[in-house]
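Below you'll find the structure, written out as structure tokens, and then a few comments.
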Amino acid sequence: MTDVAPDQCVFCQIANGTAPASIVHEDELTLAFIGLRQFHPGHTLVIPRAHFADIRELDERTGAALMASVVKITAAVGKAFPNEGLSLWHSIGPAAFQEVPHLHIHVHPRLHGDDFLRVYPGALPTSQAHEREAYAATLRQHL
Ligand SMILES: [Zn+2]
């Protein structure tokens, strides 16, 4: 996923002005533009200008700028378009259905019953406390 050259990456092309997009916000490190597919009107993408495959590659400065832009865009989408809620969506890799290998955060207006972004395929049992503690211990070893 990280092997895409910036000159072949459509989001890099949007960031450097060589591909068209309906840009709604830009600053030194980030930009936001209207998504091609509008499940509900207002679906917007927020990206870093520089090519990062996903959030794991971000430096702290770019990460802070990206989150600041996500906050700004999410608030604006929530005011500008009909919604009963909002979803933020970032996928990493093909198993998570990442289509463009340049970090992007989707901001989606949501409506009750829209059947979009169903996170769990069905009812799941609540995990046991000892399982959660074991997972937390595993995760802490990788921080
Ligand atoms: Zn890129």
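Every number here is computed from the coordinates shown, using simple stated rules; none is lab data. Nothing here was measured: the structure is a model prediction, and the numbers come from that model. Reconstructed Cβ throughout: ideal geometry from the backbone, glycine too, with neighbour counts over all protein chains shown.
Write out, first by first residue and then by second, each pair whose Cβ atoms fall under 8 Å of each other, whose residues are 6+ apart or on separate chains, and whose first residue, in segment 111-125, is exposed (fewer than 10 other Cβ atoms within 10 Å of the Cβ) while the second is assigned to a loop (DSSP other than H, G, I, E, B).
Note: pairs meeting the criteria are HIS112/GLU84.
Would you point out the residue of segment 52-75, among those that are among the small types (Gly, Ala, Ser) and over 19 Å from GLU28 (Cβ atoms), that is nearest to the ligand (Cβ to nearest atom)?
Let us first name the residues in segment 52-75 that are among the small types (Gly, Ala, Ser), namely 53, 63-65, 68-69, 75.
When the remaining residues are screened for being over 19 Å from GLU28 (Cβ atoms), the result is 53, 75.
Numbers: ALA53: 8, ALA75: 26 Å.
If we take residues in segment 52-75 being among the small types (Gly, Ala, Ser) and over 19 Å from GLU28 (Cβ atoms), then ALA53 is nearest to the ligand (Cβ to nearest atom).
Here are some conditions: (1) surrounded by 12 or more Cβ atoms within 10 Å (Cβ to Cβ); (2) among the acidic types (Asp, Glu); (3) closer than 28 Å to CYS12 by Cβ. GLU60 meets all but one. Which one does it not meet?
(1)
Would you mind telling me which numbered condition in (1) within 13 Å of the ligand (Cβ to nearest atom); (2) exposed (fewer than 14 other Cβ atoms within 10 Å of the Cβ) GLY17 fails?
In the conditions (1) within 13 Å of the ligand (Cβ to nearest atom); (2) exposed (fewer than 14 other Cβ atoms within 10 Å of the Cβ), GLY17 misses (1) alone.
Does PRO94 count as away from the ligand (no atom under 15 Å from the Cβ) and either of a type in the set (Asp, Glu) or farther than 18 Å from VAL24 by Cβ (or both)?
On the way: away from the ligand (no atom under 15 Å from the Cβ): yes; either of a type in the set (Asp, Glu) or farther than 18 Å from VAL24 by Cβ (or both): yes.
The answer is yes for PRO94.
Give segment 24-54 a look and list any residue that's surrounded by fewer than 14 Cβ atoms within 10 Å (Cβ to Cβ) and hydrophobic (A, V, I, L, M, F, W, C), or say none.
Of everything in segment 24-54, just one residue is surrounded by fewer than 14 Cβ atoms within 10 Å (Cβ to Cβ) and hydrophobic (A, V, I, L, M, F, W, C), namely LEU36.
Quick check on my filter: what residues within segment 48-62 are under 22 Å from PHE97 (Cα atoms) and either touching a residue at least 60 places away in the same chain (Cβ under 8 Å) or in a helix (DSSP H, G or I) (or both)? Before the answer, list the steps.
Step one: of segment 48-62, the residues under 22 Å from PHE97 (Cα atoms) are 48-58.
Across segment 48-62, the qualifying residues are ILE55, ARG56, GLU57.
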